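To keep things clear, I will list the structure first and then write my remarks on it.
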Amino acid sequence: MGRGMMSNRLKEEIAKELGFYDTVQKEGWGGIKARDAGNMVKRAIEKAEENMQSSDPRS
């Protein structure tokens with residue numbers, strides 16, 4: 001898997017959820033802190049896991 005695997009919509013949704021979307025709007029994705037980027041990836045993984053669990057017929 002390479003870069004750009006997360007859709008822009010998902011990235012924006014997570015940035016809003018984590019409270020740094022205003023920085024993205026002002027400075028672009030390059031303006032966010034490394035910690036925010038890490039938290040965004042962590043949250044994206046959590047969302048993916050939640051989606052996998054909800055679509056798993058065994059659960």
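Relative to the longest principal axis of the Cα atoms of the chain, the long axis of helix 8-18 makes an angle of roughly 80 degrees. Taking Cβ atoms as reference points and 15 Å as the exclusive limit, the residues near ILE32 contribute a net charge of +1, counting Lys and Arg as +1 and Asp and Glu as -1. For region 39-47, 3J(HN,Hα) computed residue by residue from phi via the Karplus equation (6.51, -1.76, 1.60; θ = phi - 60°) reads 5, 5, 5, 4, 5, 5, 5, 4, 5 Hz, glycine and proline entered as x.
Using a probe of 1.4 Å on the protein chains alone, the accessible area found for SER7 is around 60 Å².
For LYS26, a cut-off of 22 angstrom between C-alpha atoms picks up these lysines, skipping any fewer than 8 places away in its own chain: LYS11, LYS16.
Relative to its residue count, the chain spans a Cα convex hull of 92 Å³ per residue. Could you tell me the calculated FRET efficiency between TYR21 and SER54, based on Cβ-Cβ distance and R0 = 22 angstrom, to the nearest 0.05? Taking R0 as 22 Å, the efficiency between TYR21 and SER54 is 0.30. Its DSSP H runs of at least 4 residues, each contributing -39,500 (n - 2.57), put the calculated 222 nm mean residue ellipticity of the chain at -21500 deg cm²/dmol, to the nearest 500. Local charge for GLU46 was computed over the other residues whose Cβ lies under 14 Å away, with Lys and Arg +1 and Asp and Glu -1, and equals -1. Computed in the context of the full set of protein chains, the accessible area of the chain at 1.4 Å probe radius has 49% of its extent on carbon or sulfur.
Using a Gaussian network model of the chain in which every pair of alpha carbons under 10 angstrom is joined by a spring, one finds that among ALA34, ALA44, ALA15 the greatest mean-square fluctuation is at ALA34.
The values are calculated or read from the model by the stated rules, or taken from the named source; none is laboratory data. These numbers come from a predicted model, not from an experiment. Positions of Cβ are backbone-derived with ideal geometry, glycine not excepted, and every protein chain shown enters the neighbour counts. Heavy atoms of the whole protein, side chains included, go into the accessibility calculation; ligands, DNA and RNA do not. Shrake-Rupley method; radii C 1.70, N 1.55, O 1.52, S 1.80 Å.
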